[in-house]
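Notes follow the structure.
The values are calculated or read from the model by the stated rules, or taken from the named source; none is laboratory data. Since this is a predicted model, take the numbers as computed values, not measurements. Counting neighbours? That spans all protein chains shown, and the Cβs are built from the backbone with ideal geometry, glycine included.
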Amino acid sequence: MRRKFSQDAATLLALLEGENVGAVVIGLPINMDGSEGPRAQKSRAFVRNMASHSPLPFAFWDERLSTVAAERTLIEMDFSRRRREEKIDSAAAAFILQGVLDRLRASAPDASPFRDPGANVR
């Protein structure tokens, strides 16, 4: 449940710090024609406000079709309609995060954040 922005920001930042988060990815709800409507503007305003409260980097990710892909996957997994409704947001978030990780891996394949740089990797 949302309250005032300052309270919500403090709660979110405490969660991010508790999880040792290094960056935040925000899904940007862009229209299918590439334009940005009111929801995208609200997302950008949220990030501007959060950036003034945190040193963490915030990045936007085009979330077009992430819900469609998540829905398709949940259907393939034979989730009931009710169960899909419960899981769709987290499944779409997983698609967004996977897209970000894939982009990072493709842009710097030897700079994986999941590998110890001092380890011998074959």
Subset of region 33-45, residues within 20 Å of L97 (Cα to Cα) and surrounded by fewer than 16 Cβ atoms within 10 Å (Cβ to Cβ), comes to R39, R44
So is E76 in the same structural domain as Q7 (by TED's automatic domain parsing), over 24 Å from T11 (Cβ atoms) and modelled with pLDDT of 90 or more or not?
-> no
Answer with yes or no whether I96 is in contact with a strand residue (DSSP E or B) (Cβ under 6 Å, 6 or more places away or on another chain) and in contact (Cβ under 8 Å) with a residue 12 or more places away in the chain.
-> yes
Hits in region 46-74 (condition: within 22 Å of K87 (Cα to Cα), among the β-branched types (V, I, T) and surrounded by 14 or more Cβ atoms within 10 Å (Cβ to Cβ)) | T67, T73
How many residues are more than 21 Å from S6 (Cα to Cα) and not hydrophobic (A, V, I, L, M, F, W, C) when one looks only at region 28-60?
-> 8
Quick one: how many residues across region 79-122 are outside any helix (DSSP H, G or I), aliphatic (A, V, I, L, M) and either modelled with pLDDT of 90 or more or farther than 21 Å from V24 by Cα (or both)?
-> 2
For region 30-53, state whether one or more residues are part of a strand (DSSP E or B), in contact with an Asp or Glu (Cβ under 7 Å, 6 or more places away or on another chain) and modelled with pLDDT of 90 or more.
-> yes
R39 among the basic types (K, R) and more than 20 Å from E63 (Cβ to Cβ) | no
Looking at region 4-22, which of its residues are under 16 Å from the mean Cα position of the chain (by Cα), part of a helix (DSSP H, G or I) and either modelled with pLDDT under 90 or surrounded by fewer than 12 Cβ atoms within 10 Å (Cβ to Cβ) (or both)?
-> L15
